[in-house]
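Reading through the structure tokens given below for one structure.
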Amino acid sequence: MKFDDYRISPKIKAELKKLGFNKPTDIQFKAIQPILNGEDVLAIAQTGTGKTAAFVIPILEQLDSKLRKKKVEGISCLVLVPTRELAIQILDVFKTIGKDLNVVCSSIHGGVEQDPQIKQLNKGVDILVATPGRMFDLVSQGHLDMKKLEFLVLDEADHMLDLGFIKDIQDLLKHIPKKRQTLFFSATITKKIKTLAYSLVQNAIRIQISPNNPVAKNIDHAVAFIEMDDKRFFLENVLKEYPESKFVVFVRTKIRAERVMAAMKRVEVSTEFLHGGVEQKERFEILDRFRKGENKVLVTTDVAARGIDIPDVDYVINYDLPDVPENYVHRVGRTGRGNKRGQALAFCSEEEKLFLTEIEEYTGEDIEHYDIPKGEYFDIIADSEDASHNWKKLIREDNDFNGTEEEW
Ligand code: ADP
Ligand code: MG
């Protein structure tokens with residue numbers, strides 16, 4: 001089946017063609033028609049499989065004013081996402097595919113002034129992509145009219161229904177019509193969250209693709225055992241070996257992101273870091289530079305783990321293992337988007353082995369273990385251009401230093 005065969009607006013088809021989308025991906029094939037039919041959907045499909053267009057296409061089709069007798073007052077579709085970067089990205093997909101339709105799309109998120117967002121809302125918005133925090137601020141100030149809402153979409157649904165957000169979502173339900181279409185999209189979901197999701201919908205159609213292994217099959221991923229203090233040498237080694245490649249390097253904390261960048265700077269590898277503590281304008285710019293390839297190595301926290309779609313990321317490095325197992329799936333999913341192949345490598349220290357076991361239990365597979373021969377391990381450290389590390393190491397041993405990376 002091709003997009004040409006769908007009974008959707010020729011204007012949507014034309015934009016899909018421009019994007020190079022000829023035929024639907026599996027998840028699009030399974031989700032678009034039920035959504036057009038008015039069903040509630042819970043869709044689970046691996047990272048990079050085109051979940052965004054799977055809801056964007058049928059929603060735009062149904063909200064296209066050509067099909068409607070008259071313009072609806074207030075917001076017709078609300079898409080909730082966990083991060084500001086994702087809000088912008090998804091808005092962009094709506095705007096691109098809906099370019100020639102009479103549908104107004106906008107986004108609201110924190111970290112920027114709210115007045116321009118309020119102005120936009122007052123002019124009238126059909127489709128709103130939002131992060132929960134800012135959305136609730138604006139709801140409580142009376143700026144969001146959702147009395148006529150027809151579509152509620154939760155992208156990264158498992159995360160949106162998890163602890164941090166669930167109360168917000170439940171509150172939201174009080175502000176929107178009971179009769180609506182509810183759509184959940186995610187690459188990962190637990191039993192508990194699935195039950196919760198079902199409690200929020202009428203008779204959801206459940207669409208699950210590749211249920212056994214949540215890691216997309218076009219991603220080769222492996223783990224290497226590297227001690228905490230040595231990780232920076234191995235990162236230097238990999239980055240210098242592939243200077244033309246694009247890397248996303250995940251670390252556990254904001255401070256570690258900054259330290260990794262500083263360590264790479266010392267050995268003349270240029271990187272940028274992105275984390276929740278960076279001012280919002282700068283966050284967008286950093287991601288933009290990475291997208292354009294002006295910076296090839298992005299060091300980041302889990303703020304960039306979910307949803308971010310940069311089609312040509314060659315490698316994901318899990319410099320630290322995530323302590324939440326499903327984040328492993330999302331992190332490695334930043335590579336191998338669409339039809340591309342991707343590679344991911346995790347650095348696992350002695351103290352992180354427990355996380356590795358949890359991740360392997362979660363993904364249901366043993367991740368390929370890459371054993372670095374001892375000689376090679378020490379060669380990589382010795383080859384580092386970090387002039388400071390040798391004397392630091394000596395001092396550390398002298399002091400019987402029992403911390404980990406805190407020195408650097
Ligand atoms: P997911 O949300 O499942 O992780 P995305 O919606 O971000 O995936 O899409 C991943 C990539 O696949 C994007 O770069 C998108 O442009 C591309 N894509 C989506 N649908 C198609 C299609 N039908 N044909 C070709 N590429 C597609
Ligand atoms: Mg997505």
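The values are calculated or read from the model by the stated rules, or taken from the named source; none is laboratory data. All values reported here derive from a predicted model rather than from experimental measurement. Because the Cβ atoms are built from the backbone with ideal geometry, glycine has one as well, and the counts that use them run over all protein chains shown.
Go through the residues of the stretch 132-149 one by one and say whether even a single one is within 16 Å of ligand 1 (Cβ to nearest atom) and either under 19 Å from PHE284 (Cα atoms) or touching a Cys at 6+ places or on another chain (Cβ under 9 Å) (or both). Even if it seems obvious, please write down each step before you answer.
Start the filter on the stretch 132-149 by keeping residues that are within 16 Å of ligand 1 (Cβ to nearest atom), which leaves none.
Looking for residues that are within 16 Å of ligand 1 (Cβ to nearest atom) and either under 19 Å from PHE284 (Cα atoms) or touching a Cys at 6+ places or on another chain (Cβ under 9 Å) (or both), one finds none in the stretch 132-149, hence no.
Picking from LEU183, LEU172, LEU235, LEU239, which residue would you name as being within 28 Å of THR52 (Cβ to Cβ), hydrophobic (A, V, I, L, M, F, W, C) and over 18 Å from the mean Cα position of the chain (by Cα)? Quick ask: steps written out before the conclusion?
On the way: LEU183 fails: over 18 Å from the mean Cα position of the chain (by Cα); LEU235 fails: within 28 Å of THR52 (Cβ to Cβ); LEU239 fails: within 28 Å of THR52 (Cβ to Cβ).
Answer to the check: LEU172.
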task = Would you mind telling me which numbered condition in (1) surrounded by fewer than 16 Cβ atoms within 10 Å (Cβ to Cβ); (2) touching a Cys at 6+ places or on another chain (Cβ under 8 Å); (3) of a type in the set (Asp, Glu) ASP126 fails?
result = (1)
message = Between a residue in the stretch 176-187 that is closer than 9 Å to ASP40 by Cα and any residue that is within 16 Å of ligand 1 (Cβ to nearest atom) and at pLDDT 95 or above, which pairs come within a Cβ distance under 6 Å, given they are 6 or more apart or on different chains?
response = LEU183/VAL41; LEU183/PHE55; LEU183/VAL153; PHE184/LEU42; PHE184/LEU154; PHE184/ALA157
inquiry  = Checking the conditions here, which among ILE317, ILE310 is in contact (Cβ under 8 Å) with a residue 24 or more places away in the chain, within 16 Å of ligand 2 (Cβ to nearest atom) and of a type in the set (A, V, I, L, M, F, W, C)?
reply    = ILE310
inquiry  = If the requirement is being of a type in the set (A, V, I, L, M), over 30 Å from PHE347 (Cα atoms), out of contact with any Gly (no Cβ under 7 Å at 6 or more places or on another chain) and at pLDDT 95 or above, which of these qualifies: LEU239, LEU235, LEU183, LEU173?
reply    = LEU183
task = Pull up the stretch 211-261, narrow it to residues that are touching a Phe, Trp or Tyr at 6+ places or on another chain (Cβ under 9 Å) and without any contact (Cβ under 8 Å) to a residue 40 or more places away in the chain, then point me to the one that is nearest to TYR370 (Cα to Cα).
result = MET261
ask   = What are the residues in the stretch 89-109 that are surrounded by fewer than 16 Cβ atoms within 10 Å (Cβ to Cβ) and either away from ligand 1 (no atom under 13 Å from the Cβ) or of a type in the set (A, V, I, L, M) (or both), if any?
value = LYS99, ASP100, ASN102
message = I'd like to know if the stretch 345-368 contains one or more residues that are within 16 Å of ligand 1 (Cβ to nearest atom) and touching a helix residue (DSSP H, G or I) at 6+ places or on another chain (Cβ under 8 Å).
response = no
note = Selection from the stretch 269-301 of residues in a loop (DSSP other than H, G, I, E, B), surrounded by fewer than 16 Cβ atoms within 10 Å (Cβ to Cβ) and touching a Gly at 6+ places or on another chain (Cβ under 8 Å) yields GLU279
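Does ASP320 satisfy being over 19 Å from MET228 (Cβ atoms) and among the acidic types (Asp, Glu)? Give the derivation first.
Values: over 19 Å from MET228 (Cβ atoms): no; among the acidic types (Asp, Glu): yes.
Criteria not met by ASP320.
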request  = Could you grab the pairs with beta carbons closer than 6 Å, sequence gap of 6+ or different chains, first residue in the stretch 30-56 and in the same structural domain as LEU16 (by TED's automatic domain parsing), second one more than 14 Å from ligand 1 (Cβ to nearest atom) and of a type in the set (Ser, Thr, Tyr)?
outcome  = ASP40/THR182
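Take the residues in the stretch 361-408 that are of a type in the set (A, V, I, L, M) and at pLDDT below 85, then tell me which one is nearest to ALA222 (Cα to Cα). Working first, answer last.
Start the filter on the stretch 361-408 by keeping residues that are of a type in the set (A, V, I, L, M), which leaves 367, 372, 380-382, 387, 394-395.
Okay, now just the ones that are also at pLDDT below 85, so 387, 394-395.
On the way: ALA387: 29, LEU394: 31, ILE395: 33 Å.
Out of the qualifying residues, it is ALA387.
Please go through the stretch 10-63 and give me each residue that is of a type in the set (D, E, K, R) and either within 16 Å of ligand 2 (Cβ to nearest atom) or crowded, with 24+ Cβ neighbours inside 10 Å (or both), ordered by number. Can you show your working first?
Narrowing the stretch 10-63 to residues of a type in the set (D, E, K, R): 11, 13, 15, 17-18, 23, 26, 30, 39-40, 51, 61.
Across the stretch 10-63, the qualifying residues are ASP26, LYS30, LYS51.
Among what's in the stretch 320-337 and is part of a loop (DSSP other than H, G, I, E, B) and away from ligand 2 (no atom under 12 Å from the Cβ), pick the residue that is nearest to LYS23 (Cα to Cα). Steps first, please.
Applying the first criterion (part of a loop (DSSP other than H, G, I, E, B)) to the stretch 320-337 yields 320-324, 333-337.
Filter once more, keeping what is away from ligand 2 (no atom under 12 Å from the Cβ): 320-324, 335-336.
Numbers: ASP320: 38, LEU321: 36, PRO322: 35, ASP323: 37, VAL324: 35, THR335: 22, GLY336: 19 Å.
Only one residue fits best here, namely GLY336.
Return the only residue of GLY333, GLY307, GLY342 being closer than 20 Å to ALA224 by Cα, among the small types (Gly, Ala, Ser) and either within 13 Å of the chain's Cα centre (by Cα) or not assigned by TED's automatic domain parsing to the domain that holds GLU236 (or both).
Only one candidate qualifies: GLY333.
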